[in-house]
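Notes for the one structure printed next.
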Amino acid sequence: MNVMTPSVFVAGILTFFWPHVHGTGALVAVALLYGVSIGAFVSLIGAPMIALGDSADVGRRTGMYLTILSFGSLMGPPISGAINRATGGYSVVGIYAGQSPFYFFSVPVSMEMNLVLTVVPWFCISLLS
């Protein structure tokens, strides 16, 4: 089973909620849950690069992949700061930060898994019939 999809989904939900959590205990609980959920994503981020082709190109593919991912880390904090300054709080920043896991990862991966689990077997069976 794909572990990354539910872990990124939980991280996105927690990102939506963190601005609304008050108190030290609640913040520690959210931080621990977020760390566990995003840990699966971080530890498995390079795994697809091994399966994509020849093992001699794994370093090149991983470097290109991480370079593309770094643009989000480069652009996210200034945009979040501008949103915070414009709105005067972190509530909208949490919404902005939480949308990325849903729109760019969880939804496409869920759609792909649905396609693989329903359409592909149906297509293969119809070809064999």
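The values are calculated or read from the model by the stated rules, or taken from the named source; none is laboratory data. Computed from a predicted structure; not experimentally measured. No Cβ is skipped: glycine too gets one built from the backbone with ideal geometry, and neighbour counts run over all protein chains shown. Calculation scope for accessible area: heavy atoms of the full protein, side chains included, ligands and nucleic acids excluded. Shrake-Rupley method; radii C 1.70, N 1.55, O 1.52, S 1.80 Å.
Structural remarks
- Peptides ranked, highest mean first, by Cβ atoms within 10 Å: ranges 73-79, 36-42, 7-13, 62-68: 7-13, 36-42, 62-68, 73-79
- Per-peptide average of other Cβ atoms within 10 Å, ordering 18-26, 92-100 highest first: 92-100, 18-26
- Whole-Hz couplings from phi, Karplus 6.51/-1.76/1.60, listed for the stretch 37-43; x for Gly and Pro: 6, 7, x, 5, 5, 5, 6
- Largest to smallest accessible area among 80, 91 [probe 1.4 Å]: 91, 80
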